[in-house]
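Visitor: Let me begin by handing over the structure; questions about it come next.
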Number of protein chains: 2
Amino acid sequence: MNQWITRASRTLFESRWLRLRQDDVRLPNGDDITYTWVDHGGYVVVVPILDDGRAVMERVYRHTVKRTLLECPSGGLDGEQPIAAGRRELEEETGYTAREWRQLGSFFGAVGTSNERFDVVVARDLRADGQVRREATEEIEVVLVPLAELRAAALRGELEDAPSALAILLATAGA
Amino acid sequence: MNQWITRASRTLFESRWLRLRQDDVRLPNGDDITYTWVDHGGYVVVVPILDDGRAVMERVYRHTVKRTLLECPSGGLDGEQPIAAGRRELEEETGYTAREWRQLGSFFGAVGTSNERFDVVVARDLRADGQVRREATEEIEVVLVPLAELRAAALRGELEDAPSALAILLATAGA
């Protein structure tokens, strides 16, 4: 497999967050096609777990779907390592800091159209001693939800943000 | 929340699979920003379970990440209902048909950059009596993998395609 030959490549659009790439590709059967896809820098999804078993979650307004979703804290890597980015995003979005960090996996979110990848990390030993610094586009309400309740919601299909649902199921797998 | 006002909207690029949309948005704090995002028609992810407890999976070459990934069968909705699309994609990609279909949930895959949504459906009572009809871009090898093995791989972070990992964890939650 995978004898796709990229014969030419161009950037159709570029912003701080993504690049739209268009490649001329020769397929293994000899057909020439054009494949347009999103080049994305990746992000981290944090499952921050309080000592009492609640998780620090967010209700976030998402312009892409015109809805407010319940999500784990997350944010772009900006070229950083996942845990470093997670540390920064957790504090900036929620005001919590954590002393214990563990990475659970790295996943592709939408591989048909994008190379977007996200890392799932769990943060424990939390303190509410950080500094919230949100961007104007980050409309976030912090909510504390028992992990068992989040797991049940994910299994019922009620955590609609897939990376958050996967992160919660991974973080609670041993529970 | 969610007083984002879209003041103008344009399509920067359009293909069969996606549209790149750019909106001029006024944020709740009065700031004017430009938000560029991917408009996608959605897709279905199928967990096809054989009577012997193995799942019908695929090794698929993905140009976006230049890798071959282990995935559940999946495909675009083309305006169809999830189960109708799942029925078609399962047969076209693997040659299997199924008599029992159940929907487990509907999820957003990459909500920061796209409205891409996927439905997870489980197919049972399978027969290898269908007609494989793949597109030239569908470089697929069908593999039969025990569900318990897939679940363990997902929990170890080794099923790197997030929608497939989530689908497997949902389909095996009661197991």
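Visitor: If you scan the stretch A:103-114, which residues turn out to be aliphatic (A, V, I, L, M) and either surrounded by fewer than 23 Cβ atoms within 10 Å (Cβ to Cβ) or out of contact with any Gly (no Cβ under 7 Å at 6 or more places or on another chain) (or both)?
Guide: If the condition is that a residue be aliphatic (A, V, I, L, M) and either surrounded by fewer than 23 Cβ atoms within 10 Å (Cβ to Cβ) or out of contact with any Gly (no Cβ under 7 Å at 6 or more places or on another chain) (or both), then A:104, A:111 are the ones that fit.
Visitor: Write out, first by first residue and then by second, each pair whose Cβ atoms fall under 7 Å of each other, whose residues are 6+ apart or on separate chains, and whose first residue, in the stretch B:9-28, is more than 10 Å from chain A (Cβ to nearest Cβ) while the second is open to solvent by 70 Å² or more (accessible area, probe 1.4 Å).
Guide: Every condition considered, the pairs that remain are B:11/B:19; B:24/B:7; B:24/B:32; B:24/B:34; B:26/B:5; B:26/B:7; B:26/B:32.
Visitor: Then there is this: Output yes when any residue across the stretch A:57-65 is at pLDDT 95 or above and surrounded by fewer than 17 Cβ atoms within 10 Å (Cβ to Cβ), and no when none is.
Guide: Checked against the condition, which is being at pLDDT 95 or above and surrounded by fewer than 17 Cβ atoms within 10 Å (Cβ to Cβ), the stretch A:57-65 yields at least one hit.
Visitor: Another question, if that's okay. Only one of A:83, A:5 is open to solvent by 60 Å² or more (accessible area, probe 1.4 Å), out of contact with any helix residue (DSSP H, G or I) (no Cβ under 7 Å at 6 or more places or on another chain) and of a type outside the set (Lys, Arg); which?
Guide: A:5
Visitor: Yes or no: residue A:68 away from chain B (no Cβ under 14 Å) and either touching a residue at least 12 places away in the same chain (Cβ under 8 Å) or in contact with a Phe, Trp or Tyr (Cβ under 9 Å, 6 or more places away or on another chain) (or both)?
Guide: Criteria not met by residue A:68.
Visitor: Let me confirm something: among B:117, B:151, which residue is charged (D, E, K, R) and in contact with a strand residue (DSSP E or B) (Cβ under 9 Å, 6 or more places away or on another chain)?
Guide: B:117
Visitor: Evaluate the following for residue A:109: is it at the interface with chain B (Cβ under 8 Å from one of its Cβ atoms) and either modelled with pLDDT under 95 or under 30 Å from residue B:135 (Cβ atoms) (or both)?
Guide: Taking the combined requirement at face value, the residue satisfies it.
Per-residue answers, yes or no, for (1) in contact (Cβ under 8 Å) with a residue 40 or more places away in the chain; (2) surrounded by fewer than 23 Cβ atoms within 10 Å (Cβ to Cβ); (3) farther than 14 Å from residue A:113 by Cα; (4) more than 7 Å from every other protein chain (Cβ to nearest Cβ):
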| site | (1), (2), (3), (4) |
| --- | --- |
| B:33 | no, yes, yes, no |
| B:38 | yes, no, no, no |
| B:41 | no, yes, no, yes |
| B:51 | yes, yes, yes, yes |
| B:75 | no, yes, no, yes |
| B:91 | yes, yes, yes, yes |
| B:97 | no, yes, yes, yes |
| B:101 | no, yes, yes, yes |
| B:116 | yes, no, no, no |
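Visitor: Still on this structure, I have one more. Which of the residues belonging to the stretch B:12-58 are aromatic (Phe, Trp, Tyr) and within 29 Å of residue B:171 (Cα to Cα)?
Guide: B:17, B:43 - these are the residues of the stretch B:12-58 that are aromatic (Phe, Trp, Tyr) and within 29 Å of residue B:171 (Cα to Cα).
Visitor: Does residue B:45 meet the test of being in a strand (DSSP E or B), closer than 16 Å to residue B:116 by Cα and either open to solvent by 10 Å² or more (accessible area, probe 1.4 Å) or within 14 Å of chain A (Cβ to nearest Cβ) (or both)?
Guide: Answer is yes for this residue.
Visitor: Condition test on residue B:24, is it modelled with pLDDT of 95 or more and in a strand (DSSP E or B)?
Guide: yes
Visitor: State whether one or more residues within the stretch B:154-165 are open to solvent by 10 Å² or more (accessible area, probe 1.4 Å), of a type in the set (A, V, I, L, M, F, W, C) and more than 8 Å from chain A (Cβ to nearest Cβ).
Guide: No, the conditions are met nowhere in the stretch B:154-165.
Visitor: Yes or no: the stretch A:129-136 includes at least one residue that is outside any loop (DSSP other than H, G, I, E, B) and either more than 13 Å from chain B (Cβ to nearest Cβ) or touching a residue at least 24 places away in the same chain (Cβ under 8 Å) (or both).
Guide: no
Visitor: Kindly evaluate residue B:51 against the criterion of being on the phi < 0 side of the Ramachandran plot and assigned to a loop (DSSP other than H, G, I, E, B).
Guide: When the stated conditions are applied, residue B:51 passes them.
Visitor: If you don't mind, another one. For the stretch A:118-141, enumerate the residues that are surrounded by fewer than 18 Cβ atoms within 10 Å (Cβ to Cβ) and under 13 Å from residue A:47 (Cα atoms).
Guide: A:124, A:125
The values are calculated or read from the model by the stated rules, or taken from the named source; none is laboratory data. Worth saying up front: this structure is predicted, and the values here are computed from it rather than measured. FYI the Cβ positions are ideal-geometry reconstructions off the backbone, even for glycines, and counts take in every protein chain you see. Surface areas here come from the heavy atoms of the whole protein model, side chains and all, with no ligands, DNA or RNA. Shrake-Rupley method; radii C 1.70, N 1.55, O 1.52, S 1.80 Å.
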